[in-house]
Structures are given as C-alpha cells and as structure tokens.
Amino acid sequence: MCSVNFMDTTLSVEEQAVADRIQELKDMLGEDLLILGHHYQRDSIVMHADFLGDSFMLSQKAAESKAKHIVFCGVHFMAESADILTSDDQNVILPNLRAGCSMADMATLSEVEVAWDEILKESGLKDPITRDDPGQPVGKEEAYLVPVTYMNSSADLKDFVGRHGGVVCTSSNAEGVLNWAFERAGPKGAVLFFPDQHLGRNTGLAMGISTEHMPTWTPGIGAMGELKGARIVLWHGFCSVHKRFTPQQIHEFRAQYPDGIVVVHPECPRETVELADANGSTQYIRNFVNDQPAGSSIAIGTEINMVARLAAEHPDKHIECLDEEICPCSTMYMIHPAYLMDVLERLVDGEVPNQIVVPQDVQAGSLLALNRMLAILK
Ligand code: SF4
C-alpha cells in the first residue's frame, strides 16, 4: 500500500493523545479500513491517511479498494463518488457530515434541468438521450449538447450527466474529458459544463476556444452571450477559495522575487491563470514544486494547508501562498481529528457511523459518468 508522505507535525499533548488513539483504532481495524485524505486536509488528518491525493486519484483508490470501511477525509461530493464506485458491501464514511462544498451547492438538479431545456431550445442542438448509444462518438453533420460535470457536484447531477451521454471531469483531466465530449457533440455541437466556470473557461481557452464561443449560464437569469454556435456553455459557479487569487498578487510577488515562479489551480479566474507561469490540479502543483531546483522562490495559488505542507517538505525552496490573507477551505477544515477518532471508535464497536449512501435511483447514471471519466486518459 502506498504510504503518505507528510511532514512531522508538532502536536499538543491533547492532540498527540488523539493521534495515538487513532493509530490504535487503525491497528484494530486492520485491512478492513482505508483512510483517504485530500491534499487540502490539515496535517493532523493527513498523517493518518493511507493515500493522499486529488479527487481524481482518490476516486481511483476508492474504486480499486477492497476495504470494508472507507473513511473519506474530504468533502461530501468526494464521499458520494467513492460510494458510487465501491460495492454494496463496502461502507463510505465522512467523519463530519457537515463538510460540503460551496461550489458544488451552486448547481442543483432542478436548475440544471431548466438550463438544459432552455439551451437545447435556443441552440437547436439535440439531446444525446434521444440516441440508442448516447455515449458514442457522432458523425460530422450531427450536433448534440453533451453535459460535463466537474467532480465537485452532487450525485444526482452525475446521474443526469450519465443518462444524457455525458461524463465527469476533475481538474487533472478536464482537457481530455472535453475532447471526449466534443467527439460526442460533433464539430457543430456544444458542451454544457458545470458547476465551475473558471475550470471550464481556462480549459477551453487552453484548447483554443475563444470566449465568444463560451457563453455563461446563470440560474434564474439565463445566458450571457450567444448560445447558437457556442462550444462550451459555462455554469456560473466558482470556488470561494480560488477566486481570491488575483493578478495583483502575482505582480506583488514578482516585484519582491523577480525570478520567482507562480503556479495556480485552474479554479482561479482566467486573468490569474493567464499571468501565472503554470496551472494545474493539486497533484500537478505538487509535482511542479518537486521539479523546481533548490533555491527557487515559488508562490502557489491554492488552499493553504497544501501550500504549508509543500513549504515544510521543501526547506531548500522559498514557498509562499499567493494570497497573504491565507485562504483555508472552511468545509475541508471541518474534518477534525476528534471526528476521525469518533468514527473509528464506533466502527470498532460495530456501528457504521456517518455513512454516505447514494440513493439507488441515481447510482446507475452516476456510475456511468464516473466510469467514462476513469476510462479517459488524462
Ligand atoms: S476548495 Fe473550493 S472547490 Fe474545493 S472543496 Fe473547498 S470550496 Fe469546494
């Protein structure tokens, strides 16, 4: 099993007692237990994870796992995806049920259904659900609307996407997924991309699609821009953490470190991504920082727990968060070690606490959409 590379964490006496108890409980549960940790979790959680990764890597680990109990130290949509990808006799557990994602909450099924009908009507495109084989490529003369949802979305949206011939993406595979979707939309077709406008726009621009072919859809308001001839219709969602990173911060960092390098997450606004030296998923950012030579000065535009961990792992480099005000993800931070200890205690006692169960009626479509993603190379 791959072990997690984390830095020595200085813990108080109370925190050390919790950490020791978590280790005892892990030992008792043995191979029945798998703990998955997202890069944005605090060190005192990451130190207990069997795997640390981004949402793509963790979804792969969940799909491959045979463990009876999978404790997901991340947010709600990640645990839902893990439940969809695992068998019925495996339990997926979220240590704090309040750990959601504000971006995922920006698109609901009813809002997407309204948008879908309106966009089909206004654009003249066809719904892939009308075909016998909605997940297959189409001919040059055909023009469909294909839905693509970011992993950061609820299971009922993934089900919608799967049923309508679409696919899930993460920030590490968005371009590959969009290429897949365009083969199913046709050269005159389009993609409806939700909920993160920035990931969709930044990926579309990197693929050579102009902003005039990427109108935005805001629930309750409608389209901003021309739907006829659009290639990507962007949902008006965003990440409250990543939208804080600005071009001004990059200018200030470069004024202080003229040879400094800036790497940001593609959930950041377009202007920030365009000014940065590089952009990519959390795993990409980790690899990017690893590849820089000793003595480098690097500013990172992503969540602070991950930036602080990278800084501690690379004492030979100057690493700082692009936003001086510090920007933790408040919902990721809801996974406290005490909650992790509590769910493990209850598992040892024979309970299954805080289980995430995706309703049966949305399992099939969401599994289809996730499996299509897992089959696409990055
Ligand atoms: S960092 Fe942003 S997208 Fe990720 S879980 Fe937090 S709010 Fe959601």
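Bear in mind these aren't lab numbers, they're just calculated from the coordinates by the rules spelled out. Note that this is a predicted model, so its numbers are computed, not measured. Glycine also receives a Cβ, built like all others from the backbone with ideal geometry; neighbour counts cover every protein chain displayed.
Here Val191 clears all of (1) in a strand (DSSP E or B); (2) within 16 Å of the ligand (Cβ to nearest atom); (3) among the hydrophobic types (A, V, I, L, M, F, W, C) except the condition numbered (2). Do we find that Ile300 is part of a loop (DSSP other than H, G, I, E, B), within 16 Å of the ligand (Cβ to nearest atom), among the aliphatic types (A, V, I, L, M) and out of contact with any Phe, Trp or Tyr (no Cβ under 6 Å at 6 or more places or on another chain) in this structure? The answer is no for Ile300. On inspection, Gly237 qualifies as touching a residue at least 40 places away in the same chain (Cβ under 8 Å), surrounded by 24 or more Cβ atoms within 10 Å (Cβ to Cβ), under 19 Å from Glu118 (Cβ atoms) and within 14 Å of the ligand (Cβ to nearest atom).
From the list Val46, Val75, the one residue that fits, being surrounded by fewer than 24 Cβ atoms within 10 Å (Cβ to Cβ) and touching a helix residue (DSSP H, G or I) at 6+ places or on another chain (Cβ under 9 Å), is Val46. Of all residues in the range 319-378, those satisfying the criterion of being over 30 Å from Ala308 (Cα atoms) and of a type in the set (Gly, Ala, Ser) are Gly350, Ala364, Gly365, Ser366, Ala369, Ala375. Criterion applied to Trp116, Trp180 was being in contact (Cβ under 8 Å) with a residue 60 or more places away in the chain and more than 21 Å from the chain's Cα centre (by Cα), and the one residue passing it is Trp116. Checking Val112, Val75 one by one, the residue that is among the β-branched types (Val, Ile, Thr) and within 13 Å of the ligand (Cβ to nearest atom) is Val75 and no other. Filtered by the rule that a residue be among the aliphatic types (A, V, I, L, M) and more than 16 Å from the ligand (Cβ to nearest atom), the range 264-282 gives Leu275, Ala276, Ala278. The residue of the range 276-297 that is nearest to the chain's Cα centre (by Cα), among those that are polar (S, T, N, Q) and part of a loop (DSSP other than H, G, I, E, B), is Ser281. Checking each residue in the range 139-157 for being out of contact with any strand residue (DSSP E or B) (no Cβ under 6 Å at 6 or more places or on another chain), of a type outside the set (A, V, I, L, M) and more than 16 Å from the ligand (Cβ to nearest atom) picks out Gly139, Lys140, Glu141, Glu142, Asp156.
Being outside any helix (DSSP H, G or I) and more than 16 Å from the ligand (Cβ to nearest atom) is the filter here; which residues of the range 353-370 pass it? Passing the criteria: Pro353, Asn354, Gln355, Val357, Val358, Pro359.
Scan the range 327-352 and report the pairs whose first residue is part of a helix (DSSP H, G or I) and whose second residue is surrounded by 17 or more Cβ atoms within 10 Å (Cβ to Cβ) and aromatic (Phe, Trp, Tyr), with Cβ atoms within less than 6 Å and a gap of 6+ or a chain change. Pairs found: Met332/Tyr40.
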